[in-house]
Every structure is written in structure tokens, then in C-alpha cells.
């Protein structure tokens, strides 16, 4: 059964949190789709995955690069899953669709805690996910750590 994890970012930006979470997913043997709600953010996310650490990078691709089936992480603004991903990560306003979420092992929604519109959208997505009977967990950054605030 799919799990939907909500991450409220308060201290660290998406471009720093996403690589850490993606690294954990790849360590589990999962592939990932990283979907942005903003087209211009794809270039920034692409650069972040190449350079987020001095000693590592996350192999990934986009439609411009091609070879989707060989990419462990696929960056997109669309609804495709061309690399057979188990994880869907949603950033920069991309929303959870409970029907689509059920096709993944895990969906991670990262949203800015200081953005009132993002908070409203995340609350709406939480209600939709739980109404659809999917497992959901809500995490918030506190003191440099992730603290679980809610689960259903």
C-alpha cells in the first residue's frame, strides 16, 4: 500500500532536502520521479542533484537528456513515470493525486512551511489522501531534525 509523507520545510530549502531523501530512496533500491510544479525550477533541481555534496552526485535525467528508462531519478513537470519509479517526490507546488499516489510505494510532498498557500494546499492534499484510505505521515523540521507530527 502506498504511503504519502508530507515534509514541512522550515529551515532547509527544497534543493538541499530533496537530494538527501532521494539518496535514501536509491539506497533502498528504488527509482524516483521528482516532479516540480514550476518549470523554471527544473534547471535548479538538476544543478542541485549534480552538486549538492562535494563528494557525491545523484544520477538523474530529464526529457532533454533522454534515456528515461536508465535514469534512477527522473526530473519532470509532467505526470509520467518513464523510469518505473517507486517514489514520487512533489516539490514547488506539485500536488498529490490520491489515485496516482496509489501506484507508488511512497509519495513525498515537500512544501515551504512559511508559505500560507503551500500550507493550505498541503492540508487539502492530506484530507484527500486520508479520505482515499492511503497511509499518511506528516513531518516538520525542528532544531535541525525531522519530527513526526501526525500519522493516520
- prompt: Taking the Cα centre of each part, how many Å lie between the stretch 48-68 and the stretch 10-34?
  reply: 12 Å
query: How much mean residue ellipticity at 222 nm does the chain get from its helices, if each DSSP H run of length 4 or more adds -39500 (n - 2.57) and you divide by all residues, to the nearest 500 deg cm²/dmol?
result: -9000 deg cm²/dmol
field: Relative contact order, percent, the stretch 3-151 [alpha-carbon distance under 8 Å, six or more residues apart]
entry: 33 percent
task: Please determine, in degrees from 0 to 90 and to the nearest 10, the orientation of helix 14-27 with respect to the longest principal axis defined by the Cα atoms of the chain, where the helix direction is its Cα long axis.
output: 80 degrees
task: For a footprinting-style exposure proxy, rank 44, 1, 89 by other Cβ within 10 Å, fewest first.
output: 1, 44, 89
Equivalent ellipsoid dimensions for the stretch 3-151 as semi-axes, Å, which come from the Cα gyration tensor, largest first: 23, 18, 14
query: Where does each of 111, 57 land when they are ranked from fewest to most other beta-carbon atoms within 10 angstrom?
result: 57, 111
- prompt: What is the spin-label model distance, in nm, from residue 102 to residue 44 if the labels are put 7 Å beyond Cα along the C-beta direction?
  reply: 3.4 nm
query: How far is helix 41-51 tilted off the main Cα axis of the chain, in degrees rounded to 10, range 0 to 90?
result: 70 degrees
field: Extension gain (nm, one decimal) between residue 53 and residue 69, 0.36 nm per residue minus Cα-Cα
entry: 3.2 nm
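Values in this text are rule-based calculations from the coordinates and carry no lab data. Quick caveat: nothing in here was measured; it's all calculated off a predicted structure. Glycine also receives a Cβ, built like all others from the backbone with ideal geometry; neighbour counts cover every protein chain displayed.
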